[in-house]
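Asker: Mind looking over this structure? Questions follow.
The values are calculated or read from the model by the stated rules, or taken from the named source; none is laboratory data. Here the structure is a predicted model, which is why all the values come from computation and not from measurement. Here the Cβ is made from the backbone with ideal geometry for all residues, glycine too, and neighbour counts use every protein chain on show.
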């Protein structure tokens, strides 16, 4: 498996396949030439995960937000990975679309992604606004639109962190607790309601 340091795997644990959705954000890409989406789909299925869904939407805030929100509400989707729209041009709006939805931000993802990217493309990594967070107990990773950036993110970060066997810790083992704040909020609201309301 690309990107996995075998010495960090606890082979006494079983691999846990996740449902991962891939969203390509582009005004021009089609299913016939979506190389970045293909890269992610190939890597995640090659690792043993399930491609839960795949789509292409234009560089429009509402279209991006609607697709990710729908997937985050789908119990069959554990993770959403987007590719495209993280640059600085006027049409690059993926972070603007998704960061307001983040209940928890994952600042470390961007830091590690840029470190890996810097080793390959130098200061040009500054032109990406890769980001990540949690939306309704679903991990959302926002990647640049190049196949190389998708490979770097998967091989250098996601392959390990989305593998339940990875030690000392990984994202999979905390998934059952991602919605604790949502449950607390619902319990608080219910407790605040007067009897019979």
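Asker: Could you check, for segment 6-15, whether at least one of its residues is buried (at least 16 other Cβ atoms within 10 Å of the Cβ), within 22 Å of residue 165 (Cβ to Cβ) and modelled with pLDDT under 95?
Answerer: yes
Asker: Next up: Surrounded by 16 or more Cβ atoms within 10 Å (Cβ to Cβ) and over 20 Å from residue 80 (Cβ atoms) - does that describe any residue in segment 27-49?
Answerer: No, that holds for no residue.
Asker: Can you tell me which condition residue 88 does not meet? The list is (1) crowded, with 17+ Cβ neighbours inside 10 Å; (2) modelled with pLDDT of 95 or more; (3) closer than 14 Å to residue 145 by Cα, and all the others hold.
Answerer: Among (1) crowded, with 17+ Cβ neighbours inside 10 Å; (2) modelled with pLDDT of 95 or more; (3) closer than 14 Å to residue 145 by Cα, the lone unmet condition for residue 88 is (1).
Residue by residue, here is whether (1) closer than 16 Å to residue 64 by Cα; (2) out of contact with any helix residue (DSSP H, G or I) (no Cβ under 9 Å at 6 or more places or on another chain); (3) modelled with pLDDT of 95 or more holds:
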| position | (1), (2), (3) |
| --- | --- |
| 116 | no, no, yes |
| 125 | no, no, no |
| 131 | yes, no, yes |
| 139 | yes, no, yes |
| 147 | no, no, yes |
| 159 | no, no, yes |
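Asker: Okay, moving on. Is at least one residue of segment 50-61 out of contact with any helix residue (DSSP H, G or I) (no Cβ under 6 Å at 6 or more places or on another chain), more than 21 Å from residue 154 (Cβ to Cβ) and in a helix (DSSP H, G or I)?
Answerer: Scanning segment 50-61 turns up no residue that is out of contact with any helix residue (DSSP H, G or I) (no Cβ under 6 Å at 6 or more places or on another chain), more than 21 Å from residue 154 (Cβ to Cβ) and in a helix (DSSP H, G or I).
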